[in-house]
């Protein structure tokens, strides 16, 4: 097995491991996010697998988007109170 294959294999997570890694509160909310393809995943037959590096990228993008959204909402609120 090559070094790349070993790295990918060691970074594969099951659904339960991925939900825990991403700190999802409930298995149901995690499954729903997977079903609507919000969370990057791979299928092998009926089994789902998650690559940790892809989850890290997804999490960074999601965090940045939420931060941008909250910042703009705060700016709008400040404009309303200043007017």
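The values are calculated or read from the model by the stated rules, or taken from the named source; none is laboratory data. Treat the numbers as computed from the prediction; the structure is a model and nothing was measured. Ideal geometry is used to build each Cβ from the backbone, glycine not excepted, and the neighbour counts take in all protein chains shown.
Identify all residues within region 27-83 that are touching a strand residue (DSSP E or B) at 6+ places or on another chain (Cβ under 8 Å) and surrounded by 10 or more Cβ atoms within 10 Å (Cβ to Cβ); write none if there are none.
So the first thing to find is which residues in region 27-83 are touching a strand residue (DSSP E or B) at 6+ places or on another chain (Cβ under 8 Å), and the list is 34, 39-43, 48-52, 55.
Result: 34, 39, 40, 41, 42, 48, 49, 50, 51, 52, 55.
Can you tell me which residue in region 1-27 is modelled with the lowest pLDDT, limited to those that are under 15 Å from the mean Cα position of the chain (by Cα) and in a helix (DSSP H, G or I)?
If we take residues in region 1-27 being under 15 Å from the mean Cα position of the chain (by Cα) and in a helix (DSSP H, G or I), then 27 is modelled with the lowest pLDDT.
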